Amino acid sequence: MEKNHYQKFHAKIMRIRKVDTANTCRKALQTLKGPSRCSVMHVLVIAGLFPPDMGGGSTRAFNVVKGLVSLGHRVTVVSAFPHYPTGNIPKEYRRKLISVEFVGGFRFFRVLVPSLASRGLARRLVLFLCFCFSCFFALPFVGCVDVVFAANPNVFSVYCALVYGFFKGCSVVQNVDDLWPEELYNLGMLKSRVVRRLAGFVSGFAYRVSAAIKSLENA
């Protein structure tokens, strides 16, 4: 049953071919806004992890931003204070709710998360949920947006992006690095049948409501 559930979600996501992120955003815009706004976009990237945070998700989010900026697009990033994986937040971010920076040709909002090491499911959920709340500190300041790119954390960032998309009147493009919740099943993090069903519903809804999905690989 779990194998069939995995294959179902895998097939659904992998029907969308791997494409350049900018082209993915353009397709989403053409669907909802028409082609006239697709030459130069203002892309809002929601990324709970972003350099100097370690890990593949952080690196991939940064590469997406670099690629969009190199194509001439305007990019704004909303991310958490640097914390991954040790939970040590640099001194310059402490006692702040939000920080605004301009780095490498893009605008950068850093928002509050607790100083917790990313170990174990419970602590990770606390970090994810805190970012899902604090990311809206930047909502009044990001300005007009053409598309929201939900980079990470998986699934959670989509719900943040949906709120931004609602208020900014734009579409949401989801990034999928790992297939959730199946990846959590494989790691043995979700054992309760009730929790698995809830996780499946939350993840499935996130996949369905995104205007486009950018996968890491074709298969």
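The values are calculated or read from the model by the stated rules, or taken from the named source; none is laboratory data. These figures come from a predicted structure and were not determined experimentally. Reconstructed Cβ throughout: ideal geometry from the backbone, glycine too, with neighbour counts over all protein chains shown.
Inspect segment 162-182 for any residue being more than 14 Å from the chain's Cα centre (by Cα) and at pLDDT below 85 and give the result as yes or no.
Yes: one or more hits.
Considering only segment 117-135, how many residues are touching a helix residue (DSSP H, G or I) at 6+ places or on another chain (Cβ under 7 Å) and surrounded by fewer than 16 Cβ atoms within 10 Å (Cβ to Cβ)?
Within segment 117-135, residues that are touching a helix residue (DSSP H, G or I) at 6+ places or on another chain (Cβ under 7 Å) and surrounded by fewer than 16 Cβ atoms within 10 Å (Cβ to Cβ) number 1.
When the residues of segment 62-116 are filtered to those that are at positive phi and touching a helix residue (DSSP H, G or I) at 6+ places or on another chain (Cβ under 9 Å), which remaining residue is modelled with the highest pLDDT?
Per the criteria, the residue is GLY87.
For segment 32-52: of the residues being of a type outside the set (A, V, I, L, M) and either at pLDDT 95 or above or touching a strand residue (DSSP E or B) at 6+ places or on another chain (Cβ under 7 Å) (or both), which is farthest from ILE98 (Cα to Cα)?
For segment 32-52, the residue satisfying everything is HIS42.
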